[in-house]
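See below for the structure under consideration.
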Amino acid sequence: MEEREKLIAETKRWEETTFSKSVSRFPERKKKFESTSHIEFKRLYTSIDEREDDYIERLGFPGEYPFTRGVQPTMYRGRFWTMRQYSGFATAEETNKRYKYLLEQGQTGLSVAFDLPTQIGYDSDHPMSLGEVGKVGVAIDTLSDMETLFEGIPLDRVSTSMTINATAVILLAMYLAVAEKQGVKPEQVRGTIQNDILKEYVARGTHIFPPRPSMRIITDIFAFCKDNVPQWNTISISGYHMREAGSSAVQEVAFTLANAIAYVQAAIDVGLDVDDFAKRLSFFFNCHNNLLEEIAKFRAARRLWARIMKERFHAQKPASCMLRFHTQTAGSTLTLQQPDNNVVRVAFQALAAVLGGTQSLHTNSRDEALALPSEEAVRIALRTQQIIAHESGVADVVDPLAGSYTIEALTDEIEAGAAAYIEKIDAVGGAVKVIESGYMQREIADSAYQYQKGIETKATTIVGVNEFTITETPSEEILRINPEVERRQKEKLNEAKKRRNQEEVAERLSAIKKAAKTTENLVPPIMDGVRSYATVGEISDTLRAVFGEYEERT
Amino acid sequence: MPERKIRVLIAKPGLDGHDRGAKIIARALRDAGMEVVYTGIRQTPEQIVNTAIQEDADLVGLSCLSGAHMTLFPRVAQILRNKKAEDITVIGGGIIPFEDVAALKKAGIKEIFQPGTYTEDIVQYIKQNVKPRQ
Amino acid sequence: MGLAERILKGDVRAAARLMRDIDDDLPDAWHELKKLYPKTGRAYIIGVTGLPGSGKSTLVDKMVEIFRKEGKTIGIVAVDPTSPFTGGAILGDRIRMQRHSTDDGVFIRSLATRGYLGGISRSTHDIINVMDAMGKDIIIVETVGVGQDEVEIVNTAHTSIVVTVPGLGDEVQIIKAGLLEIADIFVINKSEREGAEKLEQELRVMIEMAPPRQDGWTPPIFKTEAVLGKGVFELIYGVSRHRNSLIESKKLDGKNKLRTKKHFLKLLQTRLLESVLGRMEEGETLDKMLQQLVDRKGNPYGLVEKIMREHLKSHLRSDHGGKGKTHS
């Protein structure tokens, strides 16, 4: 106490003398320094800012509750984060080639990007698919495309993350079917499906069915995997997209965890035990520009989630309280102007994610403001991670910034801000209600608008865009999706449809419909469906007929 | 008689669900005194054109981030021509590489706004290039 | 060919343009409206009002689906508020009805209130007339959302539907906004939510306790889940019951007369005011006169009398001369 009083007095002295003198000659750059969450940065943080709490309670040890310092005791001293570059485009053959290239170059996990028709349950020949086939990811219509995608890649030896949501159940079934054909059992496969439908309504837009039936599909997947695919991460509860849509760092944590609470509750409501499925929940966060705020954000999220799992859901096992997450650097910060600058941005963002303790990381490529990354650009993105891992030294100490007055103060503040939002959401009835009312969407749109205004009034500086601009001639070689892709994919689809047993397909679709109408787990009949080469569109339409389609709210 | 209000349609054709930009533009145009019909995501070109006609829009703003712009934007322009409504100005934005801009303009898209564009520039563009019929 | 002629020939673009001209109050708009008026009076007009978030748009979307299956053609007017600060507006009601935008039997128009209070725009009734002249069997007007004054829809619609949702404390709002008097039909949407039963009971009690209506109609209550389309069929049936009751009790004519009266008086009021104010601008400015009132150098009563005298005098004079200033 005495120490503290002394420090407070000394700080005052410093402010009134040394600081005052200096600032009267050289004023500070701004009146107020704020983070994206409007957290005001103090000029200086000292031990005065430390909460009186016990170190053990607030920070603890890595690998132990509340996991502020990391979910593994050795963190990167044991094993580096997984370098997992999201990719996929055009056809399964081309994507398969890119995967093999990346694995050769040292990538340690696969991440599959699917095209929009696949994500939204349309076959490549559907009218809504016009112009979209193979553009933002690989086109998958039937199991035969999936077989091509993983040809020559042993599914018992890689871990695969699939960014798929509304149609996750179908693509997971296909993955298991491919593994089956390779002689790999379901209990051997490792990977993740994003499977986070709530954020689709809020920020990403690839939903199909309304919220309630979508939650049912998700809990079916939880239940099935718990018994059959124990190493599979059944959901990647995402904040990345909400951040990309314009939310602040605090909102990113708050809305992600609010959605997570809804999923956990839904699983409990169908009779699952929290300690049975919680360890397979994983998260997906954004990594944005403000280094200090971002590092603190990850630590705050870990601590807050651990508390929620223990105090609200009474999880008994430590693994149930661990917030394991993948991070992607912020796509929305990439500029069209002076694209090489993006390499630098990504490097700092990636650094923040590592200092924040991420389990896996995707780094964006410099040309992504305009297109999917070229081979060279994606190699540089991967090298960025490798340089951080092998050359910067930050991976050699666990949670190296812990104890920094600034970082701990920010961690506390972000946690408090997020908890306040969650309380508000609880008061209204939870994430699903709040999404149906459009509250999350509006909060995010408001943040986004303010941010844009900040750029246009130069309150926020974006190098190369509103400051330090040059006249540029576009020169970059970017990746172009060959328009032939769509035509070829439609041909493949036709061929696959001809080869299969139509009666069998009809029977299997019928079985899926029946299961959808009852409470029967949807995964087994969908697995039967994909084995018979029913298409993504056919299975989705079967479910649409029972569940209806979601209608957008603003 | 007061100046006629400019009426604009902001729409996202195709399957791309990222509406941050479209919503920001809609808001900026509203703040500039325009009436903005916002039809959200997953619009077909046919829906967009019919809406533009029913709403007597002066301008249609299309947003696409999925790379499908070369198919979808010209289709909107084509259907407008078919319905003899080519006097409705069409502009576009999103993830659109430089190389595609010329082709899009040739197809009838009057202007393309790329990432980094200020909303204020779009407001000014519309005010200068679009006049409601007198 | 003028807009009116083209509209009567089925030209959708011409109809949209005339609606714009009406909304912008262009002088020629009246010219066209005169031509269309004889073709109006056929359409049945349904007003849908309720708080934002009550699901009006989704409900309208589902109603249209059913009406279309019955072979009826539809006009929809969806009204959203104009920003008082910027004069602009975001018109987003269409989002939930967009699947009908490629149906030739449906015409959807979004309007901004442009400062008009009452839940609709100044132009709404005239735009309804255009849709009527286009031959639309049913015209649905979705109002802004209910506040104290936003009950103008009752002057325009044959059947007024008030939409509520459970759990928002709506009962209080309904009494405040005088909606109890205007509602011909109540809908409890999102009726799967907690509190639906309670709300229904509370509404029934309020309906029973209210003084009996002149037309003898007791508003029914329908529970719907618009997103799933549940209860909408029953609602439509309720609308046709109301319509039939108006016809059978011979009240429909009376209602139409009342609607026409309100519309006519509004038009007259608007033009008279414009004319008077227009003349005033020629002499002393309105601003100067107002300042005098504020300074108590005159009073508003005497000022009005003065203006009326001068206005009538100058009109008598100008009758012998040229045409009136604005509209002929």
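List of remarks:
- Applying the condition of being among the β-branched types (Val, Ile, Thr) and either in a helix (DSSP H, G or I) or out of contact with any Gly (no Cβ under 6 Å at 6 or more places or on another chain) (or both) to region A:142-168 and asking which residue is nearest to A:MET527 (Cα to Cα) yields A:THR142.
- Scanning region A:294-341 for residues that are in a helix (DSSP H, G or I), within 20 Å of the chain's Cα centre (by Cα) and within 14 Å of chain B (Cβ to nearest Cβ) yields A:GLY331, A:SER332, A:THR333.
- Residues in region B:95-113 that are touching a strand residue (DSSP E or B) at 6+ places or on another chain (Cβ under 7 Å) and not in a strand (DSSP E or B): 6 in all.
- Pair list, Cβ < 6 Å and 6+ apart or interchain, from region B:1-29 residues that are charged (D, E, K, R) to residues that are crowded, with 24+ Cβ neighbours inside 10 Å and part of a loop (DSSP other than H, G, I, E, B): B:ARG7/B:ALA57; B:ARG7/B:ASP58; B:ARG20/A:ALA245; B:ARG20/A:GLY246
- Residue within region A:186-199 that is in a helix (DSSP H, G or I) and closer than 28 Å to A:ALA296 by Cβ present: yes
- Residue match in region A:332-343 (condition: surrounded by fewer than 18 Cβ atoms within 10 Å (Cβ to Cβ) and at positive phi): yes
- Within region A:120-137, the set of residues being within 23 Å of the chain's Cα centre (by Cα) and facing another protein chain (nearest Cβ under 8 Å) comprises A:ILE120, A:GLU132, A:LYS135, A:VAL136.
- Set C:LEU252, C:LEU316, C:LEU286, C:LEU312: member being at pLDDT 80 or above and either at negative phi or small (Gly, Ala, Ser) (or both): C:LEU252
- Which numbered condition B:LEU29 misses (of (1) crowded, with 22+ Cβ neighbours inside 10 Å; (2) hydrophobic (A, V, I, L, M, F, W, C); (3) facing chain A (nearest Cβ under 10 Å)): (3)
- Flag if A:VAL178 is part of a loop (DSSP other than H, G, I, E, B) and of a type in the set (A, V, I, L, M, F, W, C): no
- Complete set of residues in region A:109-129 that are touching a residue at least 60 places away in the same chain (Cβ under 8 Å) and either open to solvent by 10 Å² or more (accessible area, probe 1.4 Å) or in a loop (DSSP other than H, G, I, E, B) (or both): A:GLY109, A:LEU116, A:ILE120, A:GLY121, A:TYR122, A:ASP123, A:SER124, A:ASP125, A:HIS126
- In region A:318-330, the residues that are in contact (Cβ under 8 Å) with a residue 60 or more places away in the chain and surrounded by fewer than 18 Cβ atoms within 10 Å (Cβ to Cβ): A:PRO318
- Condition check for C:LEU117: under 30 Å from C:LEU199 (Cβ atoms) and more than 11 Å from every other protein chain (Cβ to nearest Cβ): yes
- Residues being without any contact (Cβ under 8 Å) to a residue 40 or more places away in the chain, among the small types (Gly, Ala, Ser) and farther than 28 Å from A:GLY70 by Cβ are represented in region A:367-377 by at least one member.
- Any hit, region B:59-72, residues being surrounded by fewer than 21 Cβ atoms within 10 Å (Cβ to Cβ) and at positive phi: no
- Those helices (runs of 4 or more DSSP H) lying entirely in region C:1-103 with at least 3 residues buried (at least 18 other Cβ atoms within 10 Å of the Cβ) and in the same structural domain as C:THR156 (by TED's automatic domain parsing): C:56-69
- Failed criterion for B:GLY40 (all others in (1) on the phi > 0 side of the Ramachandran plot; (2) out of contact with any helix residue (DSSP H, G or I) (no Cβ under 7 Å at 6 or more places or on another chain); (3) open to solvent by less than 30 Å² (accessible area, probe 1.4 Å) hold): (2)
- Exclusive hit being surrounded by 10 or more Cβ atoms within 10 Å (Cβ to Cβ) and more than 22 Å from C:ASN129 (Cβ to Cβ), set C:LEU272, C:LEU265, C:LEU258, C:LEU286: C:LEU286
- Test result for A:VAL264, more than 14 Å from every other protein chain (Cβ to nearest Cβ), open to solvent by 10 Å² or more (accessible area, probe 1.4 Å) and of a type outside the set (Asp, Glu): no
- The residue of region A:469-503 that is nearest to A:SER87 (Cα to Cα), among those that are open to solvent by 60 Å² or more (accessible area, probe 1.4 Å), acidic (Asp, Glu) and at pLDDT 90 or above, is A:GLU491.
- For A:ALA534, the requirement of being over 31 Å from the mean Cα position of the chain (by Cα) and touching a residue at least 40 places away in the same chain (Cβ under 8 Å) is not met.
- Unique residue being open to solvent by less than 20 Å² (accessible area, probe 1.4 Å), touching a Cys at 6+ places or on another chain (Cβ under 7 Å) and not hydroxyl-bearing (Ser, Thr, Tyr) when the list is B:PRO13, B:PRO45: B:PRO13
- Selection of region A:275-296 for residues being open to solvent by less than 10 Å² (accessible area, probe 1.4 Å) and of a type in the set (D, E, K, R) yields A:GLU293, A:GLU294.
The values are calculated or read from the model by the stated rules, or taken from the named source; none is laboratory data. Everything quoted here is computed from the prediction, not taken from an experiment. Virtual Cβ from ideal backbone geometry, glycine too; neighbours counted across all protein chains shown. Surface accessibility is based on the protein's heavy atoms, side chains included, excluding ligands, DNA and RNA. Shrake-Rupley method; radii C 1.70, N 1.55, O 1.52, S 1.80 Å.
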